[in-house]
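Below is a structure I'd like to ask you about.
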Amino acid sequence: MKKYKSFTLKQAGWKLLGGNRIRLTGRNYKFVLSRPVGGTVKTVTVKRDQAGRLFVCFSVIEEVNLPVEVSTGKIGGFGRSVAQRHFGLKTYLTDDEGSTYQSPEFLKANLSEIARLNRQLSRKQKGSNNRQKAKRQLALAHDRVANERRDAHFKLAHALCDKYDALGFETLNLRGMKKLWGRKMSDLGFSQFMLILEHVACTRGTQVVKIGQWQPTSQTCSCCGHRQPIELRERWFTCEVCGLEIGRDHNAARNIKREAIAIASIALLGVGASTPRLEGVSQSFSTASLA
């Protein structure tokens, strides 16, 4: 059993007994119920993480009534810095108003502790109980970093959905960026943040509009529309036609907002557009740990 990290049961081999009890392959188990299991359960997956903890995950289909009222009447455009500075990225997000959102970089903050645990693991004899214990401690340290990053992403996603009715983002070649900046990109977790943002936006009735990565948002003046080349290391955009001087990411965010308005159908203050309705069936997950 230890050689398997997970197994999935569909409509047979399991039965919910009520509360936090479940029957799996003829045996009854208790688990810590993290959230109510609603809707129609389609699959049940039991998985083991690197620390040896067991989780039972329910994949369900549930109808969700989404809010359709416009709450803020605002749409926001967001640029993500892709310029190298001190072997990393300068800011996490920049909106069309010039405000910036920084990432705490949780992995960087815990690198010394993780390095110490790695050294301890390397000194343990293979196959020994002490090595298994050291391996578990290292896995728990990585899990804490991942939980802190995910919590920050959820908080930022809720904050943005509180402020805007629609959010515009430019798609990026994250795989290519990871080749350039490696661990830094993994620590920022852009891909995970977008997945979390789309989930939160769906439950809140907020639209997430994506702009193609080949749109010249950084090279186009957000004031007059003039396009001019700008190198990756340049952090300030100066228009050759109208003379606009603006931060590179701020300029890109304003262009992204303009493109998002053209794509999204949302009621803005002073603009007679129809209010969007997000309807349908969503898939949610309930995760609990086996006791």
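The values are calculated or read from the model by the stated rules, or taken from the named source; none is laboratory data. Just so you know, these numbers come straight off a predicted model, no measurement behind them. Here the Cβ is made from the backbone with ideal geometry for all residues, glycine too, and neighbour counts use every protein chain on show. With ligands, DNA and RNA removed, areas are computed over all heavy atoms of the protein, side chains included. Shrake-Rupley method; radii C 1.70, N 1.55, O 1.52, S 1.80 Å.
Over the range 1-44, calculate the relative contact order: mean separation of alpha carbon pairs under 8 Å at least 6 apart, over the residue count, as a percent. Could you put the intermediate results ahead of the total?
On the way: 39 pairs, mean separation 15.4, N = 44.
Computed over the range 1-44, the figure is 35 percent.
Can you work out the FRET efficiency for the pair residue 180 and residue 123, with r the C-beta to C-beta distance and R0 = 41 Å, to the nearest 0.05?
E(calc), rounded to 0.05, equals 0.75.
Compute the Cα gyration tensor for the range 141-188, then decide on rounded, prolate or oblate, letting a ≥ b ≥ c be the square roots of its eigenvalues: rounded whenever a/c is under 1.5, prolate when a/b is larger than b/c in the other cases, and oblate in all that remain.
Values: a/c = 4.53, a/b = 1.23, b/c = 3.70.
Oblate.
Can you give the accessible area per residue of the range 154-241, in Å², using a 1.4 Å probe? Working shown, then result.
Details: 4700 Å² over 88 residues.
I get 53 Å² per residue for this part.
Between the range 155-208 and the range 12-46, how far is it from one alpha carbon centroid to the other, in angstrom?
Rounded to whole Å, the Cα centres lie 32 Å apart.
Compute the length gained on full extension between residue 111 and residue 35: take 0.36 nm times their separation in residues and subtract their Cα-Cα distance, giving the result in nm to one decimal. Don't jump to the answer; show the numbers that get you there.
Numbers: separation 76, 0.36 × 76 = 27.36 nm, distance 3.24 nm.
Stretched out fully, the residue 111 to residue 35 stretch lengthens by 24.1 nm.
Please compare each pair in 74/210; 10/155; 133/155; 74/184; 155/184 to a cut-off of 26 Å on the Cα-Cα distance and tell me which ones are over it. Don't jump to the answer; show the numbers that get you there.
On the way: 74/210 16 Å; 10/155 33 Å; 133/155 33 Å; 74/184 32 Å; 155/184 21 Å.
Flagged as over cut-off: 10/155; 133/155; 74/184.
Something else about it: Could you list which residues have their amide H under 5 Å from that of residue 247, counting only those 5 or more apart in sequence or on another chain, with H placed in the peptide plane?
237
In the range 181-203, which residues have a backbone nitrogen under 20 Å from the label point lying 7 Å from residue 101's Cα in the Cα-to-Cβ direction?
Within reach of a label on residue 101, which here means backbone N under 20 Å from a point 7 Å along Cα→Cβ, the range 181-203 contributes 184-203.
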